[in-house]
Amino acid sequence: MQSVCHCCDWIRHHYGHLSAEYLSLLDQMGGDITKQNAPVLFPTSLYRHIDDAEFEDKVRFLKETIYQITKLFDGNMKSVTWDKKNLDDFLNILERQLENLNSCVSPAMKPERRLKHYFKKLNRKVLRKMNYSAQAWELIRKETKRHLQRLDILAGQMY
C-alpha cells in the first residue's frame, strides 16, 4: 500500500486526467445517452455520506465504485452496438484507474456493503432482466456516466 501522501499526489495530478479520458470515451462509444431511467434508484445518499468521510474512506469508495463498474462491463455484451475501440479504450483506462486506486487502499478495508448491493441490483434489474439487450446496456452506460461524473466531483474535493 502506498503512503497517503503519494495517493493524495496521484489523485491530485492524475485522477482527473484519466477521468476526463474515460468520460469522453463513454460519450464517443455510442449515440446520445438514453433519456430512459433505470429501474434502480441512483444511490445519492451514499455519495452524500462519503462527502463527509475521511480521505482513506473516500479513496476506498472511489476504488470500490470503479471496481463495481468494471464488473458490470464484464457481462454478455454481444448486443451492444458501441464503437469497439472506444469501448476497449474506456475499459483499459478504467482498469488503470482501478490499479492505481488499489495501490492506495489497504486490502483489509471492507468495501461499502450498500454500494455493492446497489450494483448487484443494477445488474439483476437491468442487464439480466432485460436479457443483456442493447437497451439494457444503454441504461448501464447512462448510470456509469452518472457515477463517474460524481466520482470526479468527489476526487476534486479531496485536495
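Some points to look at:
- Across the range 1-71, the convex hull enclosing all Cα atoms gives 120 Å³ per residue.
- For the range 1-84, applying the loop criterion from DSSP together with a ceiling of 12 other beta carbons within 10 Å to the GluC sites (Glu not before Pro) yields Glu54.
- Of the trypsin sites (Lys or Arg not before Pro) found in the range 27-105, the ones in coil according to DSSP and having at most 13 other Cβ atoms within 10 Å of their Cβ are Lys35, Lys78.
- Quick note on the range 26-143: its Rg to Rh ratio, both from C-alpha atoms and Rh being the Kirkwood radius, is 0.97.
Each value in this text was obtained by applying a stated rule to the coordinates, not by laboratory testing. All of these numbers come straight from a predicted model, not from anything done at the bench. When we count neighbours, we look across all protein chains shown, and the Cβ atoms used for this are built from the backbone with ideal geometry, even at glycine.
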